[in-house]
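The values are calculated or read from the model by the stated rules, or taken from the named source; none is laboratory data. All values reported here derive from a predicted model rather than from experimental measurement. Glycine gets a Cβ as well: all are built from the backbone with ideal geometry, and neighbour counts include every protein chain shown.
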Amino acid sequence: MLTCLASAVVSAGFELPAAAQDAKTQAHVDAEIAKLRAAQEAALAKMQADQDAALASLRRKEAELDRQLAKVTAQQAQLAAQQAATEQAQAASRAAAATAAADPSKAKSAEPAPVSLSLLGVPVHLFGNITLRYDYSTNSNLTESLTNGIQANWLLTRIRFGAEFGDTGPVIGGFRFSSGENPNPAVPFVSLSSAFQPAAIGMDQAWATVRPFDDREQLQFTIGRMKNPFWRGSIGTVRTQMQWDDDVNLAGAALTARFYKSKGAAPFTISNTIAYMQVQSALDAAFIGLTGVVSGLGDQVRFTSKYVDGGVSYYEWLNLNTGLSVPTSQPSAGYVSAQTPTSAFLLTPGFQQTNTVVNYGPAGGASTGFLDPTYKILNPTVQVHVPFKSPKLGDPDAYVLFDYAHNFLPSHTLNAQGNLPTATPQTCASCTPVAGSNGGSTTTPSLNDGVGITVGARLGDKTYQHGLHPMNVWVTYRYVESNAALATFADSDLGAGTGYQGWAFGTNYRILPHLMTSVQYFDFMGYPLMENHVQRLFVDVMGDF
């Protein structure tokens, strides 16, 4: 019994200290493990954060590389477009050179190449010019004014700049700003005698053309404020201006179609151009006179060949008296019109007014209108040119340009005032028809024919490698009756409208590729009745790009 008790005591004395030691060790181990786990988790979190930061940095670098790649791609596309535009321009230049080599008479007059660039892959050509003109003009001083017949003795300027888009593509367009042309659309020059005030500049061209076929000249449809679509000459810088002044730009739409083109280097072609031209409009309203749209229709059949070019044009002008207001007063009947007297829009101050007109209303010309509100003009034009082979002289061309016009107007009975008889001649003593030598009524001539001829030459080396640079010389004679053209848009230099006969002499010469001089002299008997002797001298210096 004692032995067993001793054994139990001895056994219990050794086991208690060992259990306590094991618990302490386990706690220490757990703490260490927890610390290790915390350190491990912190290290893993730091590694994850580092990886996330590195990944974000990589993504930023990747985005930057993408942006740089897109920029490079865009630059490459722009370079490709510019290269394509350059190649198109070179191809056009080679084609023009080949045409000129095959037929020098078809070579265009020497002009500086426009500044070319690309906008969103579309070729753009910029151009502009500034002209300084000395103008000295005299007339017969028929009204015995105090000017001694001197109309002008001053400096003028013309400023123009613009751009054209598309080049050889199916859709092209352009715009141009110009000084002047207001109120007279045929006069872009403005005086420098304006107390240093700025000159007005407006948009005189804004157009778009669709050319759907690979052969761009086969069909062309143009809309907007456009260049004159009617052919008026081919050689050099001179065009006939009996119907259209060089500075007039039409507003409306035009369609040109080529019906025939033969084979060969100098093909024979036949084409047709039709156009609608809107001039001015007045909406219907009470007490404002005649309303409607002043408009024009034009149709031209044109042919070209190696030595002869020509065209037959027909123009019809409608509603020319729009804007005319003629008040009617009958005091004896107790009626006085409140309507304001006004002249037709095209006969208001600033426009060329040399057509036959009638004062329909009060004295002083407050209600002046066209004698005939509709013009129907036939205008055949032909140019014969002969090329000469001489590289040093620029393979010159001599040419003759002939122009004729006839306006299909009726004759009118003449009365004491030169006006038309009224429906009630009993109330108007001056409306009695004037008796002729045979006792019958006299009719007024329609004054509806015009004829012009220009003889000239284009010569000079367009490469500027020889001593004679590009130049043109010409002489023009015209006899144009008052109604042979709509004076508003006719030549503003020789004749200043219609109703004149006389001469024009001119020459221009390119001193440098972007610098040209010109001298023109005009001597004509002008409006009214071809009795006003006018002499004009223009000396121009023009810089362009």
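Restricting attention to the stretch 510-520, the residues being without any contact (Cβ under 8 Å) to a residue 60 or more places away in the chain and either in contact with a helix residue (DSSP H, G or I) (Cβ under 9 Å, 6 or more places away or on another chain) or surrounded by fewer than 16 Cβ atoms within 10 Å (Cβ to Cβ) (or both) number 5. Here is the figure for the stretch 491-516: residues that are part of a strand (DSSP E or B) and farther than 15 Å from residue 541 by Cβ total 6.
If you go through the stretch 484-509 and keep only what is in contact (Cβ under 8 Å) with a residue 40 or more places away in the chain and surrounded by fewer than 23 Cβ atoms within 10 Å (Cβ to Cβ), you end up with 492, 493, 506, 508, 509.
Picking from residues in the stretch 380-408 that are out of contact with any strand residue (DSSP E or B) (no Cβ under 6 Å at 6 or more places or on another chain) and not small (Gly, Ala, Ser), the one that is surrounded by the fewest Cβ atoms within 10 Å (Cβ to Cβ) is 389. Only a single criterion out of (1) buried (at least 17 other Cβ atoms within 10 Å of the Cβ); (2) free of Cβ contacts under 8 Å to residues at least 24 places away in the same chain is not satisfied by residue 197, namely (1). Of the residues making up the stretch 163-181, those that are farther than 16 Å from residue 246 by Cβ and either in contact (Cβ under 8 Å) with a residue 60 or more places away in the chain or within 13 Å of the chain's Cα centre (by Cα) (or both) are 163, 164, 165, 167, 168, 172, 173, 174, 175, 177. Residue 541: surrounded by fewer than 20 Cβ atoms within 10 Å (Cβ to Cβ), out of contact with any Lys or Arg (no Cβ under 7 Å at 6 or more places or on another chain) and within 22 Å of residue 400 (Cα to Cα), yes or no? Answer is no for this residue.
Within the stretch 337-359, track down each residue that is assigned to a loop (DSSP other than H, G, I, E, B) and either at pLDDT below 80 or of a type in the set (A, V, I, L, M, F, W, C) (or both). Listed by number, the residues that qualify are 337, 338, 339, 344, 351.
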